[in-house]
Each structure stands twice: as C-alpha cells, then as structure tokens.
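Data first, discussion second: the structure below is written as structure tokens.
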Amino acid sequence: MKIAVIGTGYVGLVTGTCLAETGNNVICVDINEAKVAKMVAGEVPIYEPGLDVLFHRNIAQGRLSFTTDLALAVKEAQIIFMALPTPPGGDGAADLSYILGAAKDISKLVTEYKVIVNKSTVPVGTADQVQAVFAANTTVEIDVVSNPEFLREGVAVDDFMKPDRVVIGTRSEKAQKLMAELYAPYVRQGNPIFFMDERSSELTKYAANSFLATKITFMNEIANLCEIVGADVDAVRKGIGSDDRIGKRFLFPGIGYGGSCFPKDVQALAIAAETHQYDFQILKAVMNVNEKQKTVLIDKLLKYYKGDIKGKHFALWGLAFKPETDDIREAPALYIIDELIKNGATVSAFDPEAINNVKEILGDQISFADNQYDALKNADALLIATEWSVFRNPDFEKMDQLLVNKVIFDGRNLFDLQKMIDLGYYYNSVGRKLIK
C-alpha cells in the first residue's frame, strides 16, 4: 500500500518505519525542515532500540522517504496516518489544534477516496470532529478511522511489529477492509484485531494508559505503607503478582511514572470526564499521589541530613523517565534535581542517552558526567532515578573510593538488601527495609 504519515515524533517515525518494513511505500511528512533534512541524510532523530536498523534498511530499499511537501504525500497515499502531538492545553485537556489543523490542510488536497487515521492519542469524539472538518472543506469521500497506538518507549519497534492487539475504530466496511489488509502481516500469529466504533476506540487508549498508571500508583502507595508498618514491598509484590487476576507487570514500586503518555493521558481523561459532568475520583487520586511520589527521595534525603542539604553534592544516576529511551518528559529525575537545587545542593548526573536533552533545559545548573563513575566523584551520596541495566551491577569497590560517604538513595530498588548490608552501605530504597 501507499501510506503517508503526518508527524515524525516517536509514534509517527516508528509507525512509518515499521509499515515500510512489511513492504508498504511510506512517505513521512514533517513541517520541521531541518529535521526532515537530517532524516533524508540518514540520521535517526530519536533514540529507540532497533529503530535505526529498520530505518536505514527501508530508506536504502526505497520504501521509506521524508518530505515537508504535504500535497505530494496526500496525492500518493491511500491511507493517511496523523501522528501529531496532543499536548495538554491551558486547562489540562488535550490540545487538538495540531490534529484539526492538519485535517483542514489535508481536506483541501484530497481528490479521491482516502482513509484518514488518527494515530495520536485523542479524546472521545475527535474522529467526529475530524470528519466534520473534511465535510466542511471537500465533497470527496473519506473515512476517518481511530487507530490508537500502544507503543512502549524502549520496545516500540517490537510492540508495533508484534502487537498483542490492534484496535481499529471505524463503522465503514471499506475502511475496515483496508485496515485489516494493512495490519494482516503483524498479526499472523493470531493476535486479535478489534474492530469497534470510533468513540470506543478512542476511549480504549485512555482507559489502558490510565489503568496502568493506576496500577503503578497503587503499588507506590503500598510501598509507602510498607515503610511505615515494617513490611517488605518485594514480598508483597510477589504475593499479589502471582494472582493471575492481578498479574506481575507494573507492580514494581518507585518514584512515580513520567513520560509522554501516562501523565497527560490520565489528566486528559479526568478532564474529559468533567466536561460530561462525571467526577473521575480515582484518576484525581492517581495524579495527586504520583506528583508526591516523584520527590519521595528528597523527603528521605532531608530526613537523613536533618533537614539541611545546603552545600552538599549529590550524584544522580538516570535522567530519562524510564530506561532504553532519551525521553525526559515528566521524568522524576527533573523534579529531584529541581528540589536539590532549591535546597542549595549541587548535582552531577549521568544517563546513557538523555544527557543532551537535559542540557537543553537545565544548561549549566548541574554538571554532567561522561560515565556513571565520574558522577560519583566527591559526592556525599548517590541518588538513583532510572533503572538502566548498566546501573544494576556496578563496581562497588570503585564506588567506595569515589563517594565521600557510602550512602545511596535508590528510587528504583536496584540492589539486593543483603548485599548492601554486607558492603556496609546506608541504603534507603522504596518500600523495603532501611539498611543503616
């Protein structure tokens, strides 16, 4: 098939590249000329494991191309994916200006039947709004389809190529047939394609992310309670995770969720409910708890230092909101850094991929190390904010020589408690026994 993908962020670039991998001819459109020029030159603009291999292969084989020319892309494509940002607006609701603006531009260019696919995460009713934009600007027949993405940063390529399910919202038999044909190569092992109406499809995406955010937040609350009552959150996690009604995933406690999806989607769903006069109380609690959880390490730190960390120097491992990505949107590390600076401390940070993104925001407010051990030099304590694999088995002898004190505040529970006892560390993690 001939496909156009409007927008080359995480979702758009992964979608376009993976669609090309199964033999489709894909043209990706972006208004950022410099970004398009880099992609044309073979530069992948984001860090996503495995994406570079598919990206370069499909460019070389002529199935994947990039342009700023929307008219060219629309003319060639049978199916047009809109993978545009839907950031929170001033009121916290999803801002649809990019989606509706692109729909208006496309509507003035179509001359024959097209399927317009909302790939972005959008509120219930967006497909109807997009349909209305086309109706106001063209008499050409089009179908607007909702096809939410379920891509996890860090494993997005695998998620697209081998999805556990595909959700497609359309009441058009013609569009359903085209979308089924498009996705057939990705579900050959029998994973389902769920066809439903557009509004149900839109809500499915918000419901999925909000439920996972709720699960994470519930476990963080359990971890906080464990510290108070003297229980071990790891034992609790294993005890409830073995129940197949609950499942093992998303039960690891830590310092809150971040990223491009969970924070804005939970907020957007809560606000969407309010517009329909429904008080979604669980989501409000999730947001409040998560906001506090992001700085729980600061509370532990201040308690340890009796409320005064002015002049202290801390090492920070991890800046991305999760491992295997350079995405720092709503990353707990940024909240931790902000609190450390406010309290008069200095910070030396290391992350395998996200340093440049943080430098663009913070500049020289903190220092950045070339590796995880350089960050430890003359540090009074180590704080861990992201569970990169490289942090899981460090050289503790080397750490002993670099740290001023053998003190670790671990927001991701990376290390074994008994090992930390044997090594003589003060080790403060989340929901587990305090090692002094």
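The values are calculated or read from the model by the stated rules, or taken from the named source; none is laboratory data. Small disclaimer: the values here were computed from a predicted structure and weren't measured. Cβ placement follows ideal geometry from the backbone for every residue including glycine, while neighbour counts extend to all protein chains displayed. Side chains are part of the model used for accessible areas, which takes the heavy atoms of the whole protein and leaves out ligands, DNA and RNA. Shrake-Rupley method; radii C 1.70, N 1.55, O 1.52, S 1.80 Å.
Cβ-Cβ under 7 Å, sequence separation 6+ or interchain: first residue in segment 35-53 and of a type in the set (Phe, Trp, Tyr) and at pLDDT below 95, partner in a loop (DSSP other than H, G, I, E, B) and crowded, with 17+ Cβ neighbours inside 10 Å. Which pairs?
TYR47/THR325; TYR47/ASP326; TYR47/GLU353
Tell me which residues, restricted to segment 83-104, are of a type in the set (Asp, Glu) and surrounded by fewer than 15 Cβ atoms within 10 Å (Cβ to Cβ). Give the steps one after another, and end with the answer.
Taking segment 83-104 and keeping what is of a type in the set (Asp, Glu), we get 91, 95.
Residue satisfying the conditions is ASP91 alone.
When you go through SER107, SER146 one by one, which is the residue that is under 21 Å from ILE3 (Cα atoms), touching a Phe, Trp or Tyr at 6+ places or on another chain (Cβ under 6 Å) and open to solvent by less than 10 Å² (accessible area, probe 1.4 Å)?
SER107
I'd like the full set of residues that are closer than 22 Å to ALA385 by Cβ, of a type in the set (Asp, Glu) and open to solvent by less than 90 Å² (accessible area, probe 1.4 Å), limited to segment 266-307.
Once the filter is applied, which keeps residues that are closer than 22 Å to ALA385 by Cβ, of a type in the set (Asp, Glu) and open to solvent by less than 90 Å² (accessible area, probe 1.4 Å), segment 266-307 yields nothing.
Please determine whether any residue of segment 348-365 is crowded, with 20+ Cβ neighbours inside 10 Å, touching a residue at least 12 places away in the same chain (Cβ under 8 Å) and closer than 30 Å to GLY125 by Cα.
Checked segment 348-365: no residue is crowded, with 20+ Cβ neighbours inside 10 Å, touching a residue at least 12 places away in the same chain (Cβ under 8 Å) and closer than 30 Å to GLY125 by Cα.
Yes/no per residue for (1) farther than 19 Å from PHE194 by Cβ; (2) assigned to a loop (DSSP other than H, G, I, E, B):
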residue	(1), (2)
VAL110	yes, yes
VAL117	no, no
GLN129	yes, no
VAL140	yes, yes
VAL145	no, no
PHE150	no, yes
GLU153	yes, yes
ASP164	no, yes
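Could you check GLY318 against (1) open to solvent by 20 Å² or more (accessible area, probe 1.4 Å); (2) at positive phi and say which number it fails?
Single failed check for GLY318: (1).
Please determine whether any residue of segment 368-388 is more than 26 Å from GLU324 (Cα to Cα), part of a loop (DSSP other than H, G, I, E, B), in contact with a helix residue (DSSP H, G or I) (Cβ under 9 Å, 6 or more places away or on another chain) and open to solvent by 20 Å² or more (accessible area, probe 1.4 Å).
The answer is yes; a qualifying residue exists.
I want to confirm something. Restricting to segment 310-330 and keeping residues that are hydrophobic (A, V, I, L, M, F, W, C) and closer than 23 Å to ARG432 by Cβ, which single residue is farthest from the chain's Cα centre (by Cα)?
Once the filter is applied, the top-ranked residue is PHE314.
Report whether or not ILE59 is in contact with a Gly (Cβ under 9 Å, 6 or more places away or on another chain), outside any helix (DSSP H, G or I) and of a type in the set (A, V, I, L, M, F, W, C).
Here the answer is no, as ILE59 does not meet what is asked.
Suppose the filter is open to solvent by less than 30 Å² (accessible area, probe 1.4 Å) and under 19 Å from ALA94 (Cα atoms); does LEU251 pass it?
Taking the combined requirement at face value, the residue does not satisfy it.
Pick from segment 73-97 the residues that are part of a loop (DSSP other than H, G, I, E, B) and over 20 Å from the mean Cα position of the chain (by Cα): which of them is farthest from CYS28 (Cα to Cα)?
Keep residues of segment 73-97 that are part of a loop (DSSP other than H, G, I, E, B), which gives 77-78, 83-87, 89-93, 95-96.
With over 20 Å from the mean Cα position of the chain (by Cα) added as a condition, the list becomes 77-78, 90-91.
Details: ALA77: 11, GLN78: 14, GLY90: 30, ASP91: 31 Å.
Here the answer is ASP91.
Does THR68 qualify as being out of contact with any Phe, Trp or Tyr (no Cβ under 9 Å at 6 or more places or on another chain), among the polar types (S, T, N, Q) and open to solvent by 10 Å² or more (accessible area, probe 1.4 Å)?
Spelling it out, THR68 is indeed out of contact with any Phe, Trp or Tyr (no Cβ under 9 Å at 6 or more places or on another chain), among the polar types (S, T, N, Q) and open to solvent by 10 Å² or more (accessible area, probe 1.4 Å).
Go through segment 332-347 residue by residue and tally those that are more than 27 Å from PHE252 (Cα to Cα) and either out of contact with any His (no Cβ under 8 Å at 6 or more places or on another chain) or open to solvent by less than 70 Å² (accessible area, probe 1.4 Å) (or both).
The total comes to 5.
Among the residues that make up segment 134-141, is at least one of them within 22 Å of SER260 (Cβ to Cβ) and either hydroxyl-bearing (Ser, Thr, Tyr) or modelled with pLDDT of 95 or more (or both)?
No: segment 134-141 contains no residue that is within 22 Å of SER260 (Cβ to Cβ) and either hydroxyl-bearing (Ser, Thr, Tyr) or modelled with pLDDT of 95 or more (or both).
Residue by residue, here is whether (1) assigned to a helix (DSSP H, G or I); (2) touching a residue at least 12 places away in the same chain (Cβ under 8 Å); (3) more than 28 Å from ARG329 (Cα to Cα) holds:
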residue	(1), (2), (3)
SER200	yes, yes, no
PHE218	yes, no, no
ILE228	yes, no, yes
PHE250	no, yes, no
GLY254	no, yes, no
